[in-house]
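Participant: First the structure, then my questions, so here it is.
The values are calculated or read from the model by the stated rules, or taken from the named source; none is laboratory data. Just so you know, these numbers come straight off a predicted model, no measurement behind them. Neighbour counts are summed over all protein chains in view; Cβ atoms, including those assigned to glycine, are modelled from backbone coordinates with ideal geometry.
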Amino acid sequence: MTLEYTKKVIEHFTNPKNVGEIKEPSGHAIEGSPACGDMVNIDIKVDDKGTIEDIKFKSYGCASNIATASVATELAKGKTINEAKNINWKDVEKELEGLPQVKVHCSILAVNTLKKAIENYEEKIGIKKEKKSIEEKVYDELGNIVNPNTGNIIVDDKIVKEVSINEKKIIIKIDLSDDDLYKNNISDEIKEHLEPLFEKIEIIFIKK
Ligand code: FES
């Protein structure tokens with residue numbers, strides 16, 4: 001499959017901004033994408049007013065992984081922690097003037113890594129994370145999974161029709177047909193995202 005990249009993606013891939021690492025960072029995260037195994041490392045340096053004064057990344061992944069991390073770090077630089085928390089994958093995609101649908105997850109990975117680096121900083125300075133219910137955690141995870149058919153998050157696409165949680169088991173009904181081209185990718189991704197939370201995961205595709 002040949003992928004069409006925008007000029008912006010190619011620019012950021014060939015000349016990425018903020019590459020490297022920060023010695024003694026205020027916050028750090030390394031995250032991987034279950035979809036492809038690619039990884040991103042992000043370090044942030046936060047000043048005493050809560051502004052991200054420096055940010056660096058290292059990529060262990062594809063061209064879009066590099067381009068999206070480059071843009072995510074550019075967007076976060078100079079912002080306060082609270083402003084940076086509101087950066088989402090759509091901002092990154094927009095900045096890059098689009099991504100191929102099968103590469104949208106790269107922008108999600110970049111933004112999630114940024115958020116984890118911020119969480120790491122907050123933990124270090126003693127800001128406690130609010131406790132989430134198991135349903136909230138499930139929807140947080142589903143909110144990271146892309147439907148490659150449309151390039152949207154599966155929750156936004158409204159194809160997650162039912163989630164039933166029963167002790168250590170979860171059953172998820174997805175509104176896609178059994179012969180959908182990306183059915184197995186979506187199923188594998190859901191399983192990989194939810195594995196830390198449940199012993200048994202059942203995905204049922206319900207479109208007739
Ligand atoms: Fe997975 Fe780019 S991060 S293909």
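Participant: Within 15 Å of the ligand (Cβ to nearest atom), of a type in the set (Asp, Glu) and on the phi < 0 side of the Ramachandran plot: is that true of Glu83 in this structure?
Facilitator: Judged against the criteria, Glu83 is not a match.
Participant: Name the helices (runs of 4 or more DSSP H) wholly within region 95-208 that hold at least 3 residues that are out of contact with any strand residue (DSSP E or B) (no Cβ under 9 Å at 6 or more places or on another chain) and away from the ligand (no atom under 16 Å from the Cβ)?
Facilitator: Helices (runs of 4 or more DSSP H) meeting the threshold: 134-142.
Participant: Moving on to the next point. On the basis of being in the same structural domain as Asn15 (by TED's automatic domain parsing) and touching a Cys at 6+ places or on another chain (Cβ under 6 Å), does Asn65 make the cut?
Facilitator: yes
Participant: In region 86-93, is there at least one residue being in a loop (DSSP other than H, G, I, E, B) and more than 20 Å from the chain's Cα centre (by Cα)?
Facilitator: Within region 86-93, none of the residues are in a loop (DSSP other than H, G, I, E, B) and more than 20 Å from the chain's Cα centre (by Cα).
Participant: Checking the conditions here, which among Asn185, Asn152, Asn166, Asn147 is over 17 Å from the mean Cα position of the chain (by Cα) and of a type in the set (S, T, N, Q)?
Facilitator: It is Asn166.
Participant: If we scan region 62-83, do we find a residue that is closer than 16 Å to Ile145 by Cα and modelled with pLDDT of 95 or more?
Facilitator: yes
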